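The values are calculated or read from the model by the stated rules, or taken from the named source; none is laboratory data. Here the structure is a predicted model, which is why all the values come from computation and not from measurement. A quick note on method: Cβ atoms are made from the backbone with ideal geometry, for glycine too, and the neighbour counts reach across all protein chains shown. Protein only, heavy atoms only, side chains kept; ligands, DNA and RNA dropped before computing areas. Shrake-Rupley method; radii C 1.70, N 1.55, O 1.52, S 1.80 Å.
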Amino acid sequence: MIQTVRGTRDLLPEDMPLWHRVEEVAREAFRRYGFREIRTPIFEKTELFARGVGESTDIVHKEMYTFVDRARADSEGESLTLRPENTASVVRAYLQHKMFADKSPGELTRLYYIGPMFRRERPQAGRYRQFYQIGVEVMGSSDDPAIEAEVIEMLSWLLQELKITNTTLLINSVGEPASRASYVETLREALKAQLDKLCADCHHRYETNPLRVFDCKVASCQAVIADLPTITDSLDDASRAHFEQFKAHLDARGLAYTVNPRMVRGLDYYTRTAFEIVGHDGLGAQNTLIGGGRYDGLSETLGGPPTKGFGFAFGLDRMVMALPEAEAQRLRANDAPDVFLVFLGDAARQHTFQVARDLRAAGVSVALEFEDRKMKKAMTAAAKSRARYALIIGDNEVSSGQYGLKNLATGEQESLSLGDIIAKFK
Ligand code: ATP
Ligand code: MG
């Protein structure tokens, strides 16, 4: 039997109400905060991610699904990649469609996306090779830290609405590329003395991009990381002032945070503000729900005009895992049909089709099976359907127009006309 590819999975109907809920709350948050949806292709030119995300990142270095497209008569096949993240694509679209044109000073473009991403990572609970992200990007000429605080305020609403209460907001400033350069050398010096304690990946990171060592999840590397000099002492004045303002905006909104000077995100494009929201329940080791930050300069890297940007992405898979059990149960129960139709005999069967049509036309969710069954078997099927009510239709009901509506949770039954039943479900 053919099975799913390692690291990928089917999302089954019993879990979809949870996914729909997260998507629905996210869309509502985005509507309230003025974000509009964008959908970009699942695959792009490899160069977009190589330049945008950065050659030295784990993502580009070892996690991308890259393939050479079939050659055409006039050209060699080009290198394409399944998107590992969506910020580079959204910035590409922003540039390609000249969304920066005709803007008044300070005018912002607020975009959001929902969709699958692909990374060839080691599969674990909460870590998949096809996973789903919901994210936003705010782009324009302004880099006001109020933007950052407002986006985090929106996330705080979203988490509250999903009843995910036990979370921590971690923030840091990773400075400007220029101020980072001297820090990277300091870091490399510090790492040099500890090389024998670092994993093979960190050896590579030491060579190509020492900052990435902070991302390492290997326990023995974590011990080294705890003693490394942090970027905080090397921050340029402008980045320092920006970070102070950002914190003041969070304070003004009553948003609690923890400064973590060792949190540097795994993508090269971040400048200044970086943040994560970590969950503590139901997530296990993969507990980072949301990651984001500022990426001024990404547009320029991709050949566009100077543009400021700020955004985040959260893992939909992990957000679903973080939903409290009571909330998950409520969502699954709400997904059940309103009513299961039970008919007894052939005349009632024909009549049932009409009843089903009328109920459905009135917006009622109807479960119905076509097999003629005895009462007991039919009621078993009704229970299995998880419907809240069973509607019983026999010859007497057909002639009187009064139907038995049975509450399957309490066992109570009442006799009602179709109009009354529709009114009840409204
Ligand atoms: P992590 O540190 O967990 O690897 P990351 O820094 O690679 O995360 P980002 O690239 O910033 O994460 O993506 C943002 C969010 O997307 C993560 O916080 C997580 O919720 C989710 N995510 C990232 N990679 C995966 C994956 N392989 N499977 C499931 N969710 C993922
Ligand atoms: Mg990762």
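Of the listed requirements (1) open to solvent by less than 10 Å² (accessible area, probe 1.4 Å); (2) farther than 17 Å from residue 172 by Cβ, residue 188 misses just one: (1). Do we find that residue 288 is away from ligand 2 (no atom under 16 Å from the Cβ), of a type in the set (Ser, Thr, Tyr) and within 27 Å of residue 38 (Cα to Cα) in this structure? Taking the combined requirement at face value, the residue does not satisfy it.
Of the residues that make up the stretch 83-102, is at least one within 16 Å of ligand 2 (Cβ to nearest atom) and of a type in the set (Ser, Thr, Tyr)? Yes, because at least one residue in the stretch 83-102 is within 16 Å of ligand 2 (Cβ to nearest atom) and of a type in the set (Ser, Thr, Tyr). Elements of the type helices (runs of 4 or more DSSP H) sitting completely within the stretch 199-269 and holding at least 2 residues that are of a type in the set (Phe, Trp, Tyr) and more than 15 Å from ligand 1 (Cβ to nearest atom): these cover 237-252.
Residue 191: more than 21 Å from residue 285 (Cβ to Cβ) and more than 16 Å from ligand 1 (Cβ to nearest atom), yes or no? So residue 191 passes the test. Is at least one residue of the stretch 26-49 surrounded by 14 or more Cβ atoms within 10 Å (Cβ to Cβ), within 16 Å of ligand 2 (Cβ to nearest atom) and of a type outside the set (Lys, Arg)? Yes, there is a match, as at least one residue in the stretch 26-49 is surrounded by 14 or more Cβ atoms within 10 Å (Cβ to Cβ), within 16 Å of ligand 2 (Cβ to nearest atom) and of a type outside the set (Lys, Arg).
Only a single criterion out of (1) within 28 Å of the chain's Cα centre (by Cα); (2) open to solvent by less than 20 Å² (accessible area, probe 1.4 Å); (3) hydrophobic (A, V, I, L, M, F, W, C) is not satisfied by residue 225, namely (1). Within the set 294, 272, 332, 265, the sole residue that is basic (Lys, Arg), at positive phi and touching a helix residue (DSSP H, G or I) at 6+ places or on another chain (Cβ under 9 Å) turns out to be 272. Could you list, in sequence order, all residues of the stretch 141-179 that are at positive phi and either open to solvent by 60 Å² or more (accessible area, probe 1.4 Å) or free of Cβ contacts under 8 Å to residues at least 60 places away in the same chain (or both)? Passing the criteria: only 163. Residue by residue through the stretch 50-66, note down the ones that are more than 16 Å from ligand 2 (Cβ to nearest atom), free of Cβ contacts under 8 Å to residues at least 60 places away in the same chain and crowded, with 18+ Cβ neighbours inside 10 Å. Matches in the stretch 50-66: 50 only. Can you spot a residue in the stretch 64-79 that is over 21 Å from the mean Cα position of the chain (by Cα), among the β-branched types (Val, Ile, Thr) and more than 15 Å from ligand 1 (Cβ to nearest atom)? Yes, the conditions are met somewhere in the stretch 64-79. Residues of the stretch 281-305 that are open to solvent by 10 Å² or more (accessible area, probe 1.4 Å) and in contact with a Ser or Thr (Cβ under 7 Å, 6 or more places away or on another chain): 296, 297, 305. Do we find that residue 170 is of a type outside the set (Ser, Thr, Tyr) and assigned to a strand (DSSP E or B) in this structure? Against the criterion (of a type outside the set (Ser, Thr, Tyr) and assigned to a strand (DSSP E or B)), residue 170 qualifies. Just to be sure before I move on: is residue 214 crowded, with 20+ Cβ neighbours inside 10 Å and either more than 16 Å from ligand 2 (Cβ to nearest atom) or β-branched (Val, Ile, Thr) (or both) in the structure I sent? Answer is no for this residue.
In summary, residue 245 fulfils each of the numbered conditions (1) surrounded by 19 or more Cβ atoms within 10 Å (Cβ to Cβ); (2) in contact with a Pro (Cβ under 7 Å, 6 or more places away or on another chain); (3) at pLDDT 95 or above with the single exception of condition (1). Here residue 111 fulfils each of the conditions (1) within 16 Å of ligand 2 (Cβ to nearest atom); (2) crowded, with 21+ Cβ neighbours inside 10 Å apart from (1).
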